[in-house]
1. For the range 51-68: of the residues being in a loop (DSSP other than H, G, I, E, B) and not hydrophobic (A, V, I, L, M, F, W, C), which is farthest from the chain's Cα centre (by Cα)?
2. State which residue pairs qualify: first residue over 25 Å from Thr48 (Cα atoms) and inside the range 13-31, second residue modelled with pLDDT of 95 or more and β-branched (Val, Ile, Thr) in any location, beta carbons under 8 Å apart, and separation of 6 or more residues or different chains.
3. For residues that are closer than 16 Å to Leu62 by Cα and not in a strand (DSSP E or B), tally how many sit in the range 38-50.
4. With (1) part of a strand (DSSP E or B); (2) at pLDDT below 95 as the list, and Asp8 as the residue in question, which single condition is left unmet?
5. Assigned to a helix (DSSP H, G or I), out of contact with any strand residue (DSSP E or B) (no Cβ under 7 Å at 6 or more places or on another chain), of a type outside the set (Gly, Ala, Ser) and modelled with pLDDT of 95 or more - does that describe any residue in the range 13-24?
6. How many of the residues making up the range 25-37 are exposed (fewer than 12 other Cβ atoms within 10 Å of the Cβ), part of a helix (DSSP H, G or I) and of a type in the set (Lys, Arg)?
Amino acid sequence: MEYSRGWDGSFLYICFNDDCPYFVKGWDWMLKKYGRKRSYRHAYDPATGTSFPIPVGSYTALKGNIIE
């Protein structure tokens, strides 16, 4: 399967729940695996049906791009 670092649609769905276990556990995992203070959020591309992690460096990262 070929992996693309981009997306086809004009928007992504990203989970911004700061209590999400995926996001919460990501901080420890990234620090242990890569030595970086980062985590990731779950992203979904509705144009392709693809899910993937979006790395973030803070709780507020990417939140400025939320479309209500």
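1. For the range 51-68, the residue satisfying everything is Glu68.
2. Short answer, once both residue conditions are applied: Asp18/Val24.
3. Residues in the range 38-50 being closer than 16 Å to Leu62 by Cα and not in a strand (DSSP E or B): 1 in total.
4. The one condition Asp8 does not meet is (1).
5. Yes, because at least one residue in the range 13-24 is assigned to a helix (DSSP H, G or I), out of contact with any strand residue (DSSP E or B) (no Cβ under 7 Å at 6 or more places or on another chain), of a type outside the set (Gly, Ala, Ser) and modelled with pLDDT of 95 or more.
6. 2
The values are calculated or read from the model by the stated rules, or taken from the named source; none is laboratory data. Please read these numbers as outputs of a predicted model, since none were measured by experiment. No Cβ is skipped: glycine too gets one built from the backbone with ideal geometry, and neighbour counts run over all protein chains shown.
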